[in-house]
Amino acid sequence: MSIIAESLGRIKPSVTIAVTTKAAELKAAGRDVIGLGAGEPDFDTPDNIKDAAIRAITEGKTKYTAVDGIPELKKAICAKFKRDNNLDYEPSQISVGTGGKQIIYNALIATLNPGDEVLIPAPYWVSYPDMVLLGGGEPVFVPTTAASKFKMKAEDLEAAITPKTKWLIFNSPSNPSGAGYSYNELKALTDVLLRHPQVWILTDDMYEHLVYGEFKFATPAEVEPKLYDRTLTMNGVSKSYAMTGWRIGYGAGPVELIKAMAKVQSQSTSNPCSISQYAAVEALNGPQDFIAERAKVFEERRDLVVSMLNQASGLSCPTPEGAFYVYPSCAGCIGKKTPEGTVISNDFDFVSALLETEGVAVVHGEAFGLSPHFRVSYATSTEALTEACGRIQRFCASLI
Ligand SMILES: Cc1ncc(COP(=O)(O)O)c(C=O)c1O
């Protein structure tokens with residue numbers, strides 16, 4: 001009999017991390033590999049934030065803190081919600097965790113009972129379904145299409161809700177599609193949710209500040225204040241402040257839920273790193289101008305990548321509103337063969353052959369619940385992106 005718990009048989013390791021690891025291994029073996037698999041900004045953490053962390057160390061702020069965050073950080077998070085989202089939260093409604101990931105995990109573990117359904121629009125961030133399964137719930141996928149720019153429509157949401165639905169996990173701009181819901185698109189969804197009081201909303205706003213052109217970010221509790229009492233608004237410093245390694249994320253919601261989440265955290269990791277918490281205070285309270293400057297760079301890269309991928313034979317790539325991902329369809333390559341005779345039967349074959357022949361690492365759409373697609377992260381230098389997209393074009397042209 002295996003030592004491993006049966007519950008673990010229901011979940012799989014993070015595929016995006018696996019792709020990044022595989023690309024790193026090939027690189028270490030001397031292959032010329034360009035990794036477009038990682039979901040983290042290539043920019044450095046700003047100096048004022050690093051300095052705040054150094055100060056925290058020299059001042060001895062290196063001890064345990066309150067389980068779900070120091071008061072200074074909770075206060076800074078409340079100010080952020082007011083400033084950016086016009087949402088009023090008290091510190092008692094805030095939970096700080098080890099990355100946004102832990103906030104989602106805590107919320108699901110703290111609330112799910114066996115048989116509870118959690119709606120997840122597809123394509124989705126890889127961790128949502130597995131976290132729901134770990135919590136004993138049932139992920140229920142709501143598929144979207146490239147034609148709707150990967151956005152769920154009100155009628156799709158309505159049709160997916162049952163008396164067992166406990167949560168909708170909403171993510172805009174999305175990882176992996178980059179799709180962002182406008183105020184009106186979101187309002188159509190919140191109108192549906194108003195009719196189903198048993199459904200809570202877990203909104204993952206990690207990519208809030210990475211939006212382009214005329215697009216304006218909106219979040220459910222802001223669009224429909226009547227949903228405030230059943231919304232967990234989750235966000236973090238990882239993407240906006242280039243702080244992925246510092247591991248600070250946060251959520252805001254009703255006190256009962258926040259307390260339950262702290263209970264879960266108190267019996268697992270306890271407080272997030274004290275030094276990172278002080279760095280996050282500086283991130284949220286300090287200068288914010290660099291965020292828009294960096295978003296401008298991401299926007300230029302998005303335009304470059306979308307244009308180059310749309311010139312590749314067999315690919316079609318919608319222009320997303322935000323994040324740093326595009327999610328092209330490779331339907332036009334399915335059924336073809338590489339010059340070496342490998343048949344491309346699905347998006348996994350496509351990304352495997354692309355990595356093998358051209359050394360470009362991307363993640364297949366099946367991992368995100370919508371095929372045949374693949375995810376390209378453009379959080380890397382313009383030179384590397386130009387080279388990688390050129391290689392993708394050459395790969396697609398070589399298929400027969
Ligand atoms: C949509 C989404 N939510 C949450 C996270 C987790 O963020 P963190 O690194 O703060 O745990 C990520 C990271 O990739 C993400 O893409």
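What helices (runs of 4 or more DSSP H), lying completely within the range 270-382, carry at least 3 residues that are within 30 Å of R83 (Cβ to Cβ)?
Result: 274-285, 289-310.
Could you please give the count of residues in the range 81-115 that are over 20 Å from I201 (Cα atoms) and either crowded, with 21+ Cβ neighbours inside 10 Å or within 16 Å of the ligand (Cβ to nearest atom) (or both)?
Residues meeting the conditions: 1.
A24 is checked against (1) more than 16 Å from the ligand (Cβ to nearest atom); (2) surrounded by 13 or more Cβ atoms within 10 Å (Cβ to Cβ); (3) at pLDDT 90 or above and fails just one. What number does that condition carry?
With respect to (1) more than 16 Å from the ligand (Cβ to nearest atom); (2) surrounded by 13 or more Cβ atoms within 10 Å (Cβ to Cβ); (3) at pLDDT 90 or above, A24 is out only on (3).
Between A29, A38, A56, which is outside the structural domain of P225 (by TED's automatic domain parsing), more than 24 Å from V140 (Cα to Cα) and exposed (fewer than 14 other Cβ atoms within 10 Å of the Cβ)?
Within the list A29, A38, A56, the selection yields A29.
Is it the case, given these coordinates, that S177 is buried (at least 24 other Cβ atoms within 10 Å of the Cβ) and modelled with pLDDT of 95 or more?
On the way: buried (at least 24 other Cβ atoms within 10 Å of the Cβ): yes; modelled with pLDDT of 95 or more: yes.
Here the answer is yes, as S177 does meet what is asked.
From the list P13, P41, which residue is within 16 Å of the ligand (Cβ to nearest atom) and free of Cβ contacts under 8 Å to residues at least 12 places away in the same chain?
Details: P41 fails: free of Cβ contacts under 8 Å to residues at least 12 places away in the same chain.
Only one candidate qualifies: P13.
In the range 245-288, which residue that is surrounded by 15 or more Cβ atoms within 10 Å (Cβ to Cβ) and of a type in the set (S, T, N, Q) is nearest to the ligand (Cβ to nearest atom)?
Here the answer is S276.
I94 fails exactly one of the following numbered conditions: (1) among the aliphatic types (A, V, I, L, M); (2) modelled with pLDDT of 95 or more; (3) outside the structural domain of P129 (by TED's automatic domain parsing); (4) closer than 28 Å to M261 by Cα. What is the number of that condition?
(3)
Looking only at the range 122-168, how many residues end up being free of Cβ contacts under 8 Å to residues at least 60 places away in the same chain, within 13 Å of the ligand (Cβ to nearest atom) and in contact with a helix residue (DSSP H, G or I) (Cβ under 7 Å, 6 or more places away or on another chain)?
1
The values are calculated or read from the model by the stated rules, or taken from the named source; none is laboratory data. Fair warning: this is a prediction, and the values are worked out from it, not measured in the lab. Virtual Cβ from ideal backbone geometry, glycine too; neighbours counted across all protein chains shown.
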